[in-house]
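Undergrad: My questions will all concern the structure given below.
The values are calculated or read from the model by the stated rules, or taken from the named source; none is laboratory data. Just so we're clear, the structure is a prediction, and the values are computed from it rather than from any experiment. So basically every Cβ, Gly included, is an ideal-geometry build from the backbone, and we count neighbours across all protein chains shown. Calculation scope for accessible area: heavy atoms of the full protein, side chains included, ligands and nucleic acids excluded. Shrake-Rupley method; radii C 1.70, N 1.55, O 1.52, S 1.80 Å.
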Amino acid sequence: MIPFLDLKAPHVELRGEIDAAIDRVVSSGWYILGPEVDAFEAEYAAYCGASHCVGLANGLDALHLALRAMDVGPGDEVIVPSNTYIATWLAVSQCGATPVPVEPVEATYNIDPALIEAAITSRTKVILPVHLYGQPADMDPILAIARKHGLRVLEDAAQAHGARYKGRRIGSHGDVVAWSFYPGKNLGALGDGGAITTNDAKLADRIHVLRNYGSRVKYVNEVQGYNSRLDPIHAAVLRVKLKYLDEWNARRAALAVQYLQGLTGAGLVLPQVPAWADPAWHLFVVRNPQRDALQKHLTDAGVGSLIHYPIPPHKQQAYSERCWPTISFPIASRIADQILSLPMGPHLTEVQLRSVIEAVASWVPTCE
């Protein structure tokens, strides 16, 4: 069986360093925030080319608290991709604001900058692009539109650790960048974790306060905040893994090249990478109208695969009150019906990769 992603392999590779990091935290007696979190925040900010990093409990909180720090609330609108994981939308809804979906560029799956301006209204406050599957969104036109209309930009980089846009790492293009350290991410903790990076000292300070019950001095609460703090054990493990992130991303990129070469002519729509993008290759996503049959074939062949994501947000029960017409967001709907994520990760072996390619190549779609 070839797993979609081996979550144990990173610990096996780095067992000594990770065990030592965990023991360091346990032995310190400091289990909430503290020096381990401070150290990770400094190191990750430097890695991303940002001035500030604030560690948080998870990626959804990173998006939500960033929006709260930008004073997004009831009556406001936030432009979001129609093609994304629902967390992007949930963060907006948790502020009492309204997510306004914009369709993606079908070739890259990311929000189409050419469609954003038409979605802007007097209530729009933030543009929220997602670097989906680890491939950067086209930030320059998005930032230009935001400047033109006096809007903020919050990037959802939950899948883009180490990705580059026009040679510069994702981490500080927009006003705030939100990160997830869910275990399956390129930079993953041992449980839920998140952070924001930014060059805006005021926004960083507001998020610092919001994450800790609205307090910077114990028992003095400036605002109605939250309990959303990166765990020191997770921070310690992330510090270890951060040293290997570029190497692991390079392994992913090498696997992607082999996939692209080996699957050419296999009847799939393969990932398309713009010249200005250096993806993190969090996922390797292919498309075919007979996706379900392909996935069954791979399962029968012992190859794990997943669908990211089978139901777009506008079709989720959570947003049924919006009552969109059936034909709304046809690109996002078509993508959701056809995509399949193949095994991808820094510990996928070349033997396993060749087996996946052979399994895909042996599939014969039915005539329609």
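Undergrad: In the range 41-62, what count of residues is obtained for those that are buried (at least 24 other Cβ atoms within 10 Å of the Cβ) and in contact with an Asp or Glu (Cβ under 6 Å, 6 or more places away or on another chain)?
TA: Looking only at that region, the number is 2.
Undergrad: Go through the range 254-274 and count every residue that is within 21 Å of the chain's Cα centre (by Cα) and either under 20 Å from residue 139 (Cβ atoms) or part of a loop (DSSP other than H, G, I, E, B) (or both).
TA: 5
Undergrad: Moving to a separate point now. Provide a single number: the residues in the range 119-150 that are in contact (Cβ under 8 Å) with a residue 40 or more places away in the chain and over 19 Å from the mean Cα position of the chain (by Cα).
TA: Selection size over the range 119-150: 6.
Undergrad: Moving on to the next point. Please count how many residues of the range 106-157 are aliphatic (A, V, I, L, M) and farther than 17 Å from residue 175 by Cβ.
TA: Of the residues in the range 106-157, 6 are aliphatic (A, V, I, L, M) and farther than 17 Å from residue 175 by Cβ.
Undergrad: Return the residues of the range 314-354 that are part of a loop (DSSP other than H, G, I, E, B) and within 21 Å of residue 99 (Cβ to Cβ); say none if nothing qualifies.
TA: Within the range 314-354, 316, 323, 324, 325, 326, 327, 328, 329 meet the criteria.
Undergrad: Answer yes if at least one residue in the range 129-137 is in contact with a Gly (Cβ under 7 Å, 6 or more places away or on another chain) and either within 23 Å of residue 69 (Cβ to Cβ) or assigned by the TED database to the domain that holds residue 57 (or both), and no otherwise.
TA: Checked against the condition, which is being in contact with a Gly (Cβ under 7 Å, 6 or more places away or on another chain) and either within 23 Å of residue 69 (Cβ to Cβ) or assigned by the TED database to the domain that holds residue 57 (or both), the range 129-137 yields no hits at all.
Undergrad: So, one more: Just checking, does the range 31-39 include any residue being surrounded by 15 or more Cβ atoms within 10 Å (Cβ to Cβ) and among the aromatic types (Phe, Trp, Tyr)?
TA: There is no residue in the range 31-39 that is surrounded by 15 or more Cβ atoms within 10 Å (Cβ to Cβ) and among the aromatic types (Phe, Trp, Tyr).
Residues checked against (1) of a type in the set (Lys, Arg); (2) in the same structural domain as residue 35 (by the TED database); (3) in contact with a strand residue (DSSP E or B) (Cβ under 7 Å, 6 or more places away or on another chain); (4) touching a residue at least 12 places away in the same chain (Cβ under 8 Å):
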position	(1), (2), (3), (4)
176	no, yes, yes, yes
192	no, yes, no, yes
197	no, yes, yes, yes
205	no, yes, no, no
226	no, yes, no, yes
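Undergrad: Another question, if that's okay. Does at least one position in the range 328-338 carry a residue that is at pLDDT below 95 and either small (Gly, Ala, Ser) or exposed (fewer than 14 other Cβ atoms within 10 Å of the Cβ) (or both)?
TA: Yes: the range 328-338 contains one or more residues that are at pLDDT below 95 and either small (Gly, Ala, Ser) or exposed (fewer than 14 other Cβ atoms within 10 Å of the Cβ) (or both).
Undergrad: Would you mind stating whether residue 201 is open to solvent by 50 Å² or more (accessible area, probe 1.4 Å) and touching a Ser or Thr at 6+ places or on another chain (Cβ under 9 Å)?
TA: Yes.
Undergrad: Any chance the range 1-9 includes a residue that's open to solvent by 30 Å² or more (accessible area, probe 1.4 Å), part of a helix (DSSP H, G or I) and not assigned by the TED database to the domain that holds residue 297?
TA: No, the conditions are met nowhere in the range 1-9.
Undergrad: Also, I was wondering about something else. Restricting the first residue to the range 305-317 and requiring it to be outside the structural domain of residue 132 (by the TED database), which pairs with a second residue that is surrounded by fewer than 16 Cβ atoms within 10 Å (Cβ to Cβ) and in a loop (DSSP other than H, G, I, E, B) meet a Cβ separation below 6 Å and a spacing of at least six or different chains?
TA: From residues that are outside the structural domain of residue 132 (by the TED database), the pairs are 314/324.
Undergrad: Next up: So which residues in the range 289-313 are under 17 Å from residue 266 (Cα atoms) and outside any loop (DSSP other than H, G, I, E, B), if there are any at all?
TA: Matches in the range 289-313: 291, 292, 293, 294, 295, 296, 297, 298, 303.
Undergrad: Is it fair to say residue 248 is out of contact with any strand residue (DSSP E or B) (no Cβ under 8 Å at 6 or more places or on another chain), touching a residue at least 40 places away in the same chain (Cβ under 8 Å), farther than 30 Å from residue 34 by Cβ and open to solvent by less than 30 Å² (accessible area, probe 1.4 Å)?
TA: Spelling it out, it is not the case that residue 248 is out of contact with any strand residue (DSSP E or B) (no Cβ under 8 Å at 6 or more places or on another chain), touching a residue at least 40 places away in the same chain (Cβ under 8 Å), farther than 30 Å from residue 34 by Cβ and open to solvent by less than 30 Å² (accessible area, probe 1.4 Å).
Undergrad: Given the conditions (1) buried (at least 21 other Cβ atoms within 10 Å of the Cβ); (2) under 30 Å from residue 352 (Cα atoms), report the number of the one that residue 232 does not fulfil.
TA: If we test residue 232 against (1) buried (at least 21 other Cβ atoms within 10 Å of the Cβ); (2) under 30 Å from residue 352 (Cα atoms), just (2) comes out false.
Undergrad: Check 92, 105, 130, 100 and return the single one that is over 17 Å from residue 166 (Cα atoms) and buried (at least 24 other Cβ atoms within 10 Å of the Cβ).
TA: 92
Undergrad: Same structure, new question: Can you give me the number of residues within the range 133-151 that are open to solvent by less than 10 Å² (accessible area, probe 1.4 Å) and at positive phi?
TA: 1
Undergrad: Of (1) assigned to a helix (DSSP H, G or I); (2) surrounded by fewer than 20 Cβ atoms within 10 Å (Cβ to Cβ), residue 241 satisfies all except one. Which?
TA: The failed condition is (2).
Undergrad: Within the bounds of the range 39-57, is there any residue that is over 21 Å from residue 231 (Cα atoms) and not aliphatic (A, V, I, L, M)?
TA: Taking every residue of the range 39-57 in turn, at least one turns out to be over 21 Å from residue 231 (Cα atoms) and not aliphatic (A, V, I, L, M).
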